[in-house]
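**Student:** Provided herewith is a single structure, encoded as structure tokens, for subsequent inquiry.
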Amino acid sequence: MTTPDLFAPEPDDAGEMVQLRQLLHEHAHRYYVLDAPTIPDAEYDRLFRQLQALEARHPELITPDSPTQRVGGKVLAQFAPVRHAVPMLSIRTETDTEASGAENFDARIRRELSLTDAAPALEYVAEPKFDGLAMNLRYEHGALVQAATRGDGEVGEDVTQNIRTIGQIPLRLPADAPPVLEVRGEVYMRRDDFEALNERQRQRIAAGERGEHTFVNPRNAAAGAVRQLDPAIAAQRPLSFFAYGLGEVTAPEAGGPVWQTHFEMMQTLKNWGFPVSSLVRIAQGAVELVAYYESIGALRDGLGFDIDGVVYKVNSLALQRQLGFVTREPRWAVAHKFPAQEMLTTVLAIDVQVGRTGKLTPVAKLAPVFVGGVTVTNATLHNEDEARRKDVRVGDTVVVRRAGDVIPEVVSVLPDKRVDDTAIFTMPRQCPVCGSAAVREEGEADYRCTGGLFCSAQRKQAILHFAQRRAVEVEGLGDKLVDQLVDAGIINTLPDLYRLGFTALANLPRMADKSAQNMLDALEKSKQTSLPRFLFGLGIRHVGEATAKALARHFGKLDAIMDASEEDLLAVADVGPIVAKSIRTFFDQAHNREVLEQLRACGVTWPEGEPAPVAPQPLSGQTFVLTGTLPTLGREQAKALIEAAGGKVAGSVSKKTSFVVAGTEAGSKLDKARELGVAVLDEDQLKEMLDGGA
Ligand code: D41
């Protein structure tokens, strides 16, 4: 140990700057040229700002090749270079994720326009900041002649062939479009398209195809598709587009269009057939910019695509011209970022969790990290194959991603940061909870604990499943209480729940008398249920809510279901051989029948009905695909209505699809429907069909 020395020499800033530059060059190459970044954007930004700060302190040490002196990417040799007729500017980013980010922008604009505090609020346009890649689309005499990436802003790459495969991008414009029109916007991949693409990639890898890999996020998948040299492959990568600006346009004096505002221009682009987001809004002053930032932040997880912030633009084109730009950035626009969806952290442990059906899932326990607006401490590794493929080890520095409503996942490992003596992860061959054998069936990705209800983890999950809101709903029965009750041996099976006495509950640690009584009341209330809820709550493998409803409707009574043969079960819409077998196996087990009898004896009851006449339902035999946001119905709601009317809802469009129901922001599924000639409905038309109309 040395004592702190107040007169220690300055740390070696020059050396650190050389190292940072080297590191940034390397990561920029991986990002722009290889489309395979190994660190999250937020980490790149942090290193970049660190270098900027050092350069500000030592301007004499700035080198012309420093990454701070150059904006944007690099032109790949394979694509023809395109010099942009009007440079593609970049946009100032505000990383302050508080409301002040918007207030600072408004204050700066007002100052630059010499407006006093008394002057009225300025009008802005606020738009989502789509997380894709910037594209310039050039139309001459109404025809798409060239699509180019941004590149370094001056020179991009000609990717016309690949962009032509995006069905949302018009190839021809209406007659009132000017002779020269360049539309700028963002090419991106929808989350569902990304998940489906990665699923196909995983299947290719499993089938042993060489050189295939999964994509780390939708933006990289989109970048990979745009810069794919084989247009046939590019065509299989579903891309979407949103317009947000212009490049070269025929001047008004030469008969070109005249617009007063950015918003008006966006309306025209929409009329000409370009996708313009329905989330673009006019906002008056800083107050409405802040409100927009917050409302879009609240929508973020539920959108069909990734956004990394919002963009504010001065609406008046005259004021935009007056404000002009500094270096490469317009003064009249700013990107206000949301918290990053990918961050770095370290793996503290890899636990194996046991699910209700015994499925073992490896879960990385992480040093807490703020990702996409929440603190994350767990991330799924999916299964053994995924954990091995990514080679995640305890002690590793990893990229975690949390986007949308999905469970956080470990995207990749930073191999350079691996410490010594780490061990490859192996799945235990025994259940970590009950010690029963864990087996992986031929052709399955998952290991399962064979302990059944002997395994306390499976018992706990079974109880939580039964008590959840969509099943019999026991309000207030959460995982903490179930842990206590099962661990103390008070509850072993579902009927034990209804045998709980006040004393047993009130004697639990940290349980007040009032809470114990509330729990008893909630249990009492849950006894009055419905057959579909009860059936779903039993947790029969492959019997989800829709199947439970179909069974209840078809048979009317529980006893009829319990005694139905596999053949009888196959007569139910939506029940195939695997599901029929699973239902039969469940009811063939004496202990399951015993549990049912006891639950009934405890007073769990529901109105029983008559078997449904097998009259055809309005939508039976029809398959629907939902895309975009419907005006009034939520996605789950629309799905439930279609299923209740006998229809099926599928995730992707194929020749077998009967109808595509499209709302706003509909993406590639709509294109696919048009391509295959599948009928497209709006919400009103769907409702008519649900009511039994044509
Ligand atoms: O959604 C976006 N990513 C987006 C990007 C947007 N909504 N608006 C943008 N506006 C501009 C200016 C103000 C220069 C017309 C942009 C970008 N630029 C941009 N994207 C990448 C570089 C620049």
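The values are calculated or read from the model by the stated rules, or taken from the named source; none is laboratory data. Being a predicted model, the structure only gives us computed values, none of them experimental. Positions of Cβ are generated from backbone atoms using ideal geometry, with glycine treated the same way; all protein chains shown enter the neighbour counts.
**Student:** Hey, could you check the stretch 130-153 for residues that are assigned to a loop (DSSP other than H, G, I, E, B) and away from the ligand (no atom under 16 Å from the Cβ) and say which is farthest from residue 174 (Cα to Cα)?
**Tutor:** First, pick out the residues of the stretch 130-153 that are assigned to a loop (DSSP other than H, G, I, E, B): 131-132, 141-142, 150-153.
Adding the requirement that they be away from the ligand (no atom under 16 Å from the Cβ) leaves 141-142.
On the way: 141: 10, 142: 7 Å.
Only one residue fits best here, namely 141.
**Student:** Right, something else. So for the stretch 228-239 (the condition being crowded, with 18+ Cβ neighbours inside 10 Å and within 16 Å of the ligand (Cβ to nearest atom)), does at least one residue qualify? Lay out the reasoning, then the answer.
**Tutor:** Of the residues in the stretch 228-239, the ones crowded, with 18+ Cβ neighbours inside 10 Å are 228, 234, 237-239.
Checking the rest, the ones that are also within 16 Å of the ligand (Cβ to nearest atom) come to 239.
Looking for residues that are crowded, with 18+ Cβ neighbours inside 10 Å and within 16 Å of the ligand (Cβ to nearest atom), one finds at least one in the stretch 228-239, hence yes.
**Student:** Looking at the stretch 192-206, is at least one residue touching a residue at least 24 places away in the same chain (Cβ under 8 Å) and in contact with a strand residue (DSSP E or B) (Cβ under 9 Å, 6 or more places away or on another chain)?
**Tutor:** yes
**Student:** Still on this structure, I have one more. I'd like to check something: does the stretch 268-277 contain any residue that is at pLDDT 95 or above, more than 16 Å from the ligand (Cβ to nearest atom) and either part of a strand (DSSP E or B) or under 30 Å from the mean Cα position of the chain (by Cα) (or both)?
**Tutor:** No: zero hits.
**Student:** So, in the stretch 156-188, of the ones that are closer than 14 Å to residue 275 by Cβ and modelled with pLDDT of 95 or more, which residue ends up surrounded by the fewest Cβ atoms within 10 Å (Cβ to Cβ)?
**Tutor:** 184
**Student:** To continue, here is another question. Among the residues of the stretch 91-108, write down those that are modelled with pLDDT under 90 and either assigned to a loop (DSSP other than H, G, I, E, B) or in contact with a Pro (Cβ under 9 Å, 6 or more places away or on another chain) (or both).
**Tutor:** Hits for the stretch 91-108 are 95, 96, 97, 98, 99.
**Student:** What residue, among those in the stretch 307-324 that are among the charged types (D, E, K, R) and buried (at least 18 other Cβ atoms within 10 Å of the Cβ), is nearest to the ligand (Cβ to nearest atom)? Walk me through it before giving the result.
**Tutor:** Here is the first cut: in the stretch 307-324, the ones among the charged types (D, E, K, R) are 308, 313, 321.
Those left that are additionally buried (at least 18 other Cβ atoms within 10 Å of the Cβ): 308, 313.
On the way: 308: 8, 313: 6 Å.
This residue is 313.
**Student:** Next question. Go through the stretch 389-431 residue by residue and tally those that are within 23 Å of residue 213 (Cβ to Cβ) and among the small types (Gly, Ala, Ser).
**Tutor:** The number of residues fulfilling the criteria is 3.
**Student:** Still on this structure, please answer the following. Looking at the stretch 227-249, I want the residues that are in contact (Cβ under 8 Å) with a residue 40 or more places away in the chain and in a loop (DSSP other than H, G, I, E, B) and have a partner that is within 11 Å of the ligand (Cβ to nearest atom) and among the aromatic types (Phe, Trp, Tyr) with Cβ atoms under 9 Å, at least 6 apart or on another chain. Which pairs are those?
**Tutor:** From the stretch 227-249, the pairs are 239/188.
**Student:** What is the residue count in the stretch 290-306 for residues that are in a helix (DSSP H, G or I) and either among the aromatic types (Phe, Trp, Tyr) or within 13 Å of the ligand (Cβ to nearest atom) (or both)?
**Tutor:** Selection size over the stretch 290-306: 3.
**Student:** Working carefully through the options 435, 443, 404, find the one that is modelled with pLDDT under 95 and touching a helix residue (DSSP H, G or I) at 6+ places or on another chain (Cβ under 6 Å).
**Tutor:** Values: 435 fails: touching a helix residue (DSSP H, G or I) at 6+ places or on another chain (Cβ under 6 Å); 443 fails: touching a helix residue (DSSP H, G or I) at 6+ places or on another chain (Cβ under 6 Å).
Result of the check over 435, 443, 404: 404.
**Student:** Quick check on this structure: which one of 287, 354 is more than 16 Å from the ligand (Cβ to nearest atom) and crowded, with 22+ Cβ neighbours inside 10 Å?
**Tutor:** Matching residue, one of 287, 354: 354.
**Student:** Now, a different point. Exactly one of (1) in a helix (DSSP H, G or I); (2) without any contact (Cβ under 8 Å) to a residue 12 or more places away in the chain; (3) basic (Lys, Arg) is unmet by residue 219. Its number?
**Tutor:** Going through (1) in a helix (DSSP H, G or I); (2) without any contact (Cβ under 8 Å) to a residue 12 or more places away in the chain; (3) basic (Lys, Arg) one by one, residue 219 breaks only (2).
**Student:** A follow-up question, please. Take the stretch 544-575 and flag every residue that is surrounded by 20 or more Cβ atoms within 10 Å (Cβ to Cβ) and either more than 20 Å from residue 645 (Cβ to Cβ) or of a type outside the set (A, V, I, L, M) (or both).
**Tutor:** Those that are surrounded by 20 or more Cβ atoms within 10 Å (Cβ to Cβ) and either more than 20 Å from residue 645 (Cβ to Cβ) or of a type outside the set (A, V, I, L, M) (or both): 547, 549, 554, 555, 561, 564, 569.
**Student:** Looking at the stretch 107-129, can you tell me whether even one residue there is of a type outside the set (Lys, Arg), touching a strand residue (DSSP E or B) at 6+ places or on another chain (Cβ under 6 Å), closer than 30 Å to residue 26 by Cβ and within 16 Å of the ligand (Cβ to nearest atom)?
**Tutor:** no
**Student:** Something else now. For the structure I just gave you, tell me whether residue 165 is more than 23 Å from the chain's Cα centre (by Cα), of a type in the set (Ser, Thr, Tyr) and either over 28 Å from residue 626 (Cβ atoms) or within 15 Å of the ligand (Cβ to nearest atom) (or both).
**Tutor:** no
**Student:** If only one of 98, 127 is under 27 Å from residue 42 (Cα atoms) and either free of Cβ contacts under 8 Å to residues at least 40 places away in the same chain or loosely packed, with under 15 Cβ neighbours inside 10 Å (or both), which one is it?
**Tutor:** The conditions single out 98.
**Student:** Report yes if some residue within the stretch 597-614 is out of contact with any His (no Cβ under 9 Å at 6 or more places or on another chain), within 13 Å of residue 550 (Cβ to Cβ) and buried (at least 16 other Cβ atoms within 10 Å of the Cβ); otherwise report no.
**Tutor:** no
**Student:** Let me ask something else about it. Residue by residue through the stretch 596-639, note down the ones that are outside any loop (DSSP other than H, G, I, E, B) and touching a residue at least 24 places away in the same chain (Cβ under 8 Å).
**Tutor:** Those that are outside any loop (DSSP other than H, G, I, E, B) and touching a residue at least 24 places away in the same chain (Cβ under 8 Å): 596, 598, 599, 601, 605, 623, 624, 625, 626, 627, 629, 638.
**Student:** Might you let me know whether the stretch 454-477 holds any residue that is surrounded by fewer than 18 Cβ atoms within 10 Å (Cβ to Cβ), assigned to a strand (DSSP E or B) and in contact (Cβ under 8 Å) with a residue 12 or more places away in the chain?
**Tutor:** Scanning the stretch 454-477 turns up no residue that is surrounded by fewer than 18 Cβ atoms within 10 Å (Cβ to Cβ), assigned to a strand (DSSP E or B) and in contact (Cβ under 8 Å) with a residue 12 or more places away in the chain.
**Student:** Within the group 376, 400, 334, which residue is within 16 Å of the ligand (Cβ to nearest atom), buried (at least 16 other Cβ atoms within 10 Å of the Cβ) and either among the acidic types (Asp, Glu) or in a strand (DSSP E or B) (or both)?
**Tutor:** 334
**Student:** Quick one: would you say residue 357 is more than 21 Å from the chain's Cα centre (by Cα) and at pLDDT below 90?
**Tutor:** yes
**Student:** Any idea which of 290, 183 is touching a Leu at 6+ places or on another chain (Cβ under 6 Å) and either among the β-branched types (Val, Ile, Thr) or more than 21 Å from residue 627 (Cβ to Cβ) (or both)?
**Tutor:** After ruling out the rest, the residue left standing is 183.
**Student:** Next question. Give the residue that is farthest from residue 670 (Cα to Cα), with candidates limited to residues of the stretch 178-195 that are within 16 Å of the ligand (Cβ to nearest atom) and of a type in the set (Val, Ile, Thr).
**Tutor:** Per the criteria, the residue is 183.
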